[in-house]
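> Take this structure first; my questions come after.
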Amino acid sequence: MLMFAIYRLTPMALELAEMTLTRLQWGALAVSILYMAYAEGYRGFHKSFSPRVVARANYLRLNSQPLAAVFAPLFCMGFIYATKNRMLTSVALTTMIICFVIIVRVLPQPWRGIVDAGVVTGLVLGIFSILYYLLQSFTNPRSLDYPLEVPGVPATKSQT
């Protein structure tokens, strides 16, 4: 899903290379890229989403449940078989992202490209973050100590 989003957004960001940007637009591009690298890539993905997704995938691998396995992506993202708080947070965040996408789609160029360049940056960092935690889970399973937020599993950090 992340790769598809990058595939869809990259052309809008690359259109910027064919435009003459003002100083304000260059500044906005720099801020967009830096902010999204930090907020989306580091804080959103690396510190929260990526370790949880990999931890929940590992939990599912070790504690096979037919319904959760069929809907593994939804399980890993916390939409199903999760604590009430995790499910509400996942739905709220997804709704917010959808609203943000709808708003950005109506922006004219170069502003849409400026925003999309930041989003692509954050998503690319997010993919690398997931791969990092996935590699960690294979090489050192105990290193991935993140709350699973699965009903019936203690709220403390656990690697089951």
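Read-outs: derived from the displayed coordinates by stated rules, not from any lab. Keep in mind the model is a prediction, meaning the values are calculated, not measured. Reconstructed Cβ throughout: ideal geometry from the backbone, glycine too, with neighbour counts over all protein chains shown.
> Which one of Thr22, Tyr7, Gln136 has its Cα pushed farthest toward the positive end of the charge dipole of the chain, where Lys and Arg give +1 and Asp and Glu give -1 at the Cβ?
Gln136
> Take each uninterrupted DSSP H stretch in the chain, measure its Cα extent along the helix axis, and return the ones at 30 Å or beyond whose mean Kyte-Doolittle hydropathy is at least 0.5.
Values: long enough: 84-105 (32 Å, 1.35); 111-139 (42 Å, 1.28).
Qualifying helices, which must be both long enough and hydrophobic enough, are 84-105, 111-139.
> Would you tally the net charge around Gln109, using a Cβ to Cβ cut-off of less than 11 Å, leaving Gln109 out, and scoring K and R as +1, D and E as -1?
Summing Lys and Arg as +1 and Asp and Glu as -1 gives -2.
> Excluding Glu149 itself, calculate the net charge of residues whose Cβ lies under 10 Å from the Cβ of Glu149, where each Lys or Arg counts +1 and each Asp or Glu counts -1.
Counting the neighbours of Glu149, the net charge comes to +4.
> How large is the dipole of the stretch 27-143 about the Cα centre if only Lys and Arg carry +1 and Asp and Glu carry -1, each at its Cβ, rounded to the nearest 20 debye?
340
> Taking Cα atoms of the chain, Rg/Rh with Kirkwood Rh, to two decimals?
Result for the chain is an Rg/Rh of 1.05.
> With the crude spin-label approximation of a point 7 Å out along Cα→Cβ, what separation in nm comes out for Met87 versus Leu131?
Between Met87 and Leu131, the label points sit 3.4 nm apart.
> Please arrange Tyr38, Tyr81, Tyr7 by counting, for each residue, the other beta carbons lying within 10 Å of its beta carbon, fewest first.
Details: Tyr38 14, Tyr81 20, Tyr7 10.
Ordered from fewest to most neighbouring Cβ atoms within 10 Å, Tyr38, Tyr81, Tyr7 come out as Tyr7, Tyr38, Tyr81.
> Still on this structure, I have one more. Just order 97-105, 9-17 by mean Cβ neighbour count inside 10 Å, highest at the front, would you?
Most protected by this proxy first, the peptides run 9-17, 97-105.
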